[in-house]
Every structure is written in C-alpha cells, then in structure tokens.
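Trainee: My structure is below; once you've seen it, I'll send some questions.
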Ligand code: 8YV
C-alpha cells in the first residue's frame, strides 16, 4: 500500500508506518504543498495523511484513483470534500476528543492574556518601560463574576465552560441544539444567539467552520456586544469578519480580541489586526501540546492502517 503524508510526521511514527506500508511524506516543514504538487504526490496513493491547509476538493480527489482513505490529522475537516470522497468510496477519518483539553487550555490562555494585557505587559518589562508602580498600570479585566458566552457547545466548548467555572465565571452558551445534560453537569445556561452576544463579557467562538457560518460574527453582531467585551477565537478564522473586527477594536466598540486562527493562514504580517495593541495572537496552536500532537499523530496512523486493513477506523467521519 502506498501512503503519502502532506507534513513530516515524528520519526517514531513514520518508522512504524514504514514497517507496514510504502510511505513517503512532503519534505518541507517551512513550505506547504501547492495544489499541483499535492495532485502529483498522491497519484499512486492508497492513503493520505492530511492537515487543514490541504484542499482535498473534487479535482484533487480525482487525481488519486487508488485512494481508499484520507486520514486527517485534525478534528476539523472543512478542507475535505467529504461528499465527493464518499461518492468515490474513500473513507475519511479525523482526530476528535484527543485534542479537546489542549485546545480548551489554549483558549483560556489567550482569554487570560487578553484580559490581563499580557503581550503589552511583557513588552513593558522587556523594553525598559517599567518605570514605577501606578494604581491603574495595565489594569485588566476581572474574570470572577464575569459572563463568558460560548458559541458552540460541543466537546471543546464544554471543556472551555468547565474551565470557566473554575474561574467563578457565569457561563452562557448558544448551540444549534440545546445540551440539557451538559447544562446541568457544568452549570451553564442556554441563551439565544443574540442574547449571548449582548450579555457576554468574554465571547468565545467554539464552532466548526461551514460555508453558511462564514462571517457569523460581523459588523452587526459586533455592534450588539458590550464595548468592554473581549472576543476569543480559537475555532476558525472564517467565522469572523476580520475587517469588521478591526474596525470595532480600533474604534473602542470592543475592548480586545485573542485570536489563534485567521481567515488566511499563516496570517500575513501586514494584516491590520496585527497593528493593534489590544489583540493577542497565536499561530493556530490550539492542539499543540507534545502529548496531544503525538496522540493525534498516532490516532491518525491507527485510523489509516485500519481502513487499509479492511477494518473499521476508531474515529470515522463518513
Ligand atoms: C490542527 C485544528 O492542529 O484539529 C483541528 O481542527 O484546527 C488543529 O488542531 C491543525 O489545524 C492541523 O490540521
């Protein structure tokens, strides 16, 4: 069996794969593959290990006539035309659950960084601008007693809610379907979408991307929010209209934002949002703890080998 990975896998994982399949991987960690390079690389592939930045659309799938499995190294699958894969008899798998805690942790790290102005605080120390003590020096936003509004109450949204409870926050959420059991277990309350926007002191986006959710948070939605609220997005860049977010942050209609995800990734360094002092940023590292990334890699390989072996994968998508 021929298997191609679009990213380098850890040596111990690729060594394991090499014992069982004819394995190759994209050589560069600096440069993602172009569509042409991807189509060329998977011509003979029975299996692909893919990540979010690989566009596996109908055209690309057509270039891999032997393909049996796409094993995605992510929980998100918005880069894959799953319908087309299913039509072609290609199994798709992903990595849910194993990254829930790591992603919820990073969400909280960013939320706290924005609430307590950590980038500015760090710069003040490093750049020699820490002159003396003053009463309101870098005065931040209190978490205790504040309302956190979570849009999307799946696994990661609920893990964020649990952490928020530990910080004595009032937790409200919106989700397409209500989650009564989780509400009771965690102590969260369902609210209508607009009410979450209006009430949240911290708005956390925890939804998967779908075309109909593009710019879910735009000018109108931002206008409903409190002007001293903080927006946190560790889900998908396309869910937020970045131009509208920039205007709101620049014009004092929103206090701050913390972003791990962007509409275009890697985000261009001349992006207007990066010029604002009230924006905390990270390079899409929600799931990136050593333990979680290794578990994601191992699950991806187990799923791939299961399908190639004619067995049911642990975490199938189709
Ligand atoms: C991935 C993610 O690490 O799993 C997801 O959906 O967004 C991240 O955990 C990354 O996008 C690689 O595919």
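Trainee: In the stretch 275-291, which residue that is surrounded by 14 or more Cβ atoms within 10 Å (Cβ to Cβ) and within 16 Å of the ligand (Cβ to nearest atom) is nearest to residue 245 (Cα to Cα)?
Mentor: Out of the qualifying residues, it is 281.
Trainee: Considering only residues of the stretch 60-85 that are more than 24 Å from residue 298 (Cα to Cα) and surrounded by fewer than 19 Cβ atoms within 10 Å (Cβ to Cβ), which is farthest from the ligand (Cβ to nearest atom)?
Mentor: Restricting to residues being more than 24 Å from residue 298 (Cα to Cα) and surrounded by fewer than 19 Cβ atoms within 10 Å (Cβ to Cβ), the top hit is 65.
Trainee: Moving on to the next point. Can we say residue 46 is at pLDDT 95 or above, in the same structural domain as residue 92 (by TED's automatic domain parsing) and either over 13 Å from residue 5 (Cα atoms) or within 16 Å of the ligand (Cβ to nearest atom) (or both)?
Mentor: Working: at pLDDT 95 or above: yes; in the same structural domain as residue 92 (by TED's automatic domain parsing): yes; either over 13 Å from residue 5 (Cα atoms) or within 16 Å of the ligand (Cβ to nearest atom) (or both): no.
No.
Trainee: Right, here's the next one. Count, please, the residues in the stretch 218-266 that happen to be touching a residue at least 40 places away in the same chain (Cβ under 8 Å) and under 13 Å from residue 203 (Cβ atoms).
Mentor: Looking only at the stretch 218-266, we keep the residues that are touching a residue at least 40 places away in the same chain (Cβ under 8 Å), and these are 228, 230, 232, 234-236, 255-260, 265.
From the residues that got through so far, the ones that are under 13 Å from residue 203 (Cβ atoms) too are 228, 230, 232, 234-235, 255-259.
Going through the stretch 218-266 one residue at a time, the tally reaches 10.
Trainee: Restricting attention to strands (runs of 3 or more DSSP E) lying wholly within the stretch 145-260, give those where 2 or more residues are over 21 Å from residue 285 (Cβ atoms). Step through it out loud before you land on a result.
Mentor: On the way: elements: 147-151, 170-174, 188-190, 202-205, 230-233, 256-259.
Here the list reads 147-151, 170-174, 188-190.
Trainee: Here is a further query. Hey, residue 106 hits all of (1) surrounded by 17 or more Cβ atoms within 10 Å (Cβ to Cβ); (2) more than 23 Å from residue 234 (Cβ to Cβ) but one; which does it fall short on?
Mentor: (2)
Trainee: Might you check whether a residue that is within 15 Å of the ligand (Cβ to nearest atom) and in contact with a helix residue (DSSP H, G or I) (Cβ under 6 Å, 6 or more places away or on another chain) occurs anywhere in the stretch 292-300?
Mentor: Looking only at the stretch 292-300, we keep the residues that are within 15 Å of the ligand (Cβ to nearest atom), and these are 292-300.
Of the ones still in play, those that are also in contact with a helix residue (DSSP H, G or I) (Cβ under 6 Å, 6 or more places away or on another chain) are 292, 297.
Yes, the conditions are met somewhere in the stretch 292-300.
Trainee: Moving on to the next point. Being more than 16 Å from the ligand (Cβ to nearest atom) and either closer than 25 Å to residue 196 by Cβ or buried (at least 18 other Cβ atoms within 10 Å of the Cβ) (or both) is the requirement here; does residue 239 meet it? Break it down stepwise before answering.
Mentor: Details: more than 16 Å from the ligand (Cβ to nearest atom): no; either closer than 25 Å to residue 196 by Cβ or buried (at least 18 other Cβ atoms within 10 Å of the Cβ) (or both): yes.
Considered against the rule, which asks whether it is more than 16 Å from the ligand (Cβ to nearest atom) and either closer than 25 Å to residue 196 by Cβ or buried (at least 18 other Cβ atoms within 10 Å of the Cβ) (or both), residue 239 comes out as no.
Trainee: On to the next question. Considering each of 272, 313 in turn, give the residue that is under 23 Å from residue 25 (Cβ atoms) and away from the ligand (no atom under 16 Å from the Cβ). Step through it out loud before you land on a result.
Mentor: Values: 272 fails: under 23 Å from residue 25 (Cβ atoms).
None of the others qualify; the one that does is 313.
Trainee: Does the stretch 87-101 contain any residue that is over 14 Å from residue 304 (Cβ atoms), surrounded by fewer than 19 Cβ atoms within 10 Å (Cβ to Cβ), modelled with pLDDT under 95 and within 16 Å of the ligand (Cβ to nearest atom)?
Mentor: Within the stretch 87-101 (the criterion being over 14 Å from residue 304 (Cβ atoms), surrounded by fewer than 19 Cβ atoms within 10 Å (Cβ to Cβ), modelled with pLDDT under 95 and within 16 Å of the ligand (Cβ to nearest atom)), the answer is no, since none of the residues qualifies.
The values are calculated or read from the model by the stated rules, or taken from the named source; none is laboratory data. Keep in mind that this is a model prediction, so the values were computed, not measured. As a convention, Cβ positions derive from the backbone with ideal geometry for all residues, glycine included, and neighbour counts pool all protein chains shown.
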